[in-house]
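Have a look at the structure below before the remarks.
Taken together, the values in this text are just the output of simple stated rules run on the coordinates, not laboratory data. For clarity, every value in this text was computed on a predicted model and none was experimentally measured. Because the Cβ atoms are built from the backbone with ideal geometry, glycine has one as well, and the counts that use them run over all protein chains shown.
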Amino acid sequence: MVERNHFLKRPPGPLFGFWSWRYLNKWKTFRLVTSKRVREFYERFPKNYPPGSAFPAIELETTDGRRIDTRGFLGRKHFVLFTGAIT
Amino acid sequence: MEQIREKYAERDVEVLSMYVREPHAGEIGFRQYADHRNYNHKMSYACELVESKGLQIPILVDGMDQQHHEILGNLPNIAYVVYKWGKVEYTATWLDAAATDEVLAELVTGDDPSRPVKKTIETAQLGTAI
């Protein structure tokens, strides 16, 4: 059974999560991931909205011009929300 | 995550992605990308992501102030699974498709035990989260 407050230090996937480093500036990435600022993000994350807490309402515009408000799913749908970018 | 969206589409599960800052703009594999200059620029990158990957998942675009991303933890590829009554069911510092699949399978099986769902997706074979 998967840990509900899942703490991963690196992205999952091939090469023990280091698959992405071939696309990146290794020195910059190393400095980033070892910085105090990023360490604090990781330390804070499990306490942010832990399992069992109420998820905050998110309302944003989508790429197809709609607005989605997560409150609209209340009582109707479970949802997964993940963050990402091109790079 | 597109596989997950398809797998659970008929089981009252919505999959959403929030487009946030570009963490590696200008680096080796991404020289053509720059930091976002304004909201329209950010939106254009989000649209490019949708087109280049053929995504069906709705992509929410955070503002230039990164307000929502900061509230949620400010890490590049976090994931939340939220139960339909608004409580957080699962969180992850890095999106893991296999773990997300497992959590969703348990949730929807709990909703309707007569239609059990099993985990079928393995993150280990995936090169990217999206």
Requested in this report: Any of A:Lys77/B:Lys42; A:Lys47/A:Lys77; A:Lys77/B:Lys53; A:Lys77/B:Lys118; B:Lys42/B:Lys84 with alpha carbons more than 27 Å apart? Name them for me.
Outcome: A:Lys77/B:Lys42; B:Lys42/B:Lys84
Query raised in the report: Can you give the FRET efficiency for B:Gln3 and B:Ser114, using 1/(1 + (r/R0)^6), R0 = 30 Å, r = Cβ-Cβ distance, to the nearest 0.05?
Result: 0.80
Query raised in the report: Of all the C-alpha pairs in chain B, what % are more than 19 Å from each other?
Result: 55 percent
Requested in this report: Could you list the chymotrypsin sites (Phe, Trp or Tyr not before Pro) in segment A:1-65 that lie in coil according to DSSP, counting only those with at most 16 other Cβ atoms within 10 Å of their Cβ?
Outcome: A:Phe7
Report summary line: Longest chain A segment clear of trypsin sites (Lys or Arg not before Pro) sitting in DSSP loops (not H, G, I, E or B) with at most 12 other Cβ atoms within 10 Å runs A:10-65
**Report entry** Degrees between helix B:97-111 axis and first principal axis of chain B (Cα, 0 to 90, nearest 10)
**Finding:** 40 degrees
Query raised in the report: On full extension of the chain, what length is gained from A:Lys26 through A:Lys77, given 0.36 nm per residue of separation minus the C-alpha to C-alpha distance?
Result: 14.3 nm
Report task. Sort A:His78, B:His69 so that the residue with the fewest other Cβ atoms within 10 Å of its own Cβ comes first and the one with the most comes last. Result -> B:His69, A:His78
Requested in this report: For helix A:36-48, report the angle its Cα long axis makes with the longest principal axis of the Cα atoms of chain A; keep it between 0 and 90° and round to the nearest 10°.
Outcome: 30 degrees
Query - Theoretical gain in end-to-end length, B:Glu70 to B:Arg37 [0.36 nm per residue, Cα-Cα removed] - result: 10.0 nm
Query raised in the report: What percent of all Cα-Cα pairs in the protein assembly as shown falls in each 5 Å bin, counting up from 0?
Result: 1, 7, 14, 20, 21, 18, 11, 5, 2, 1, 0
Query raised in the report: P(r) tail for chain A, what percent of Cα pairs lie past 18 Å?
Result: 63 percent
**Report entry** Centre separation in Å (Cα based) which lies between segment B:77-101 and segment A:41-87
**Finding:** 9 Å
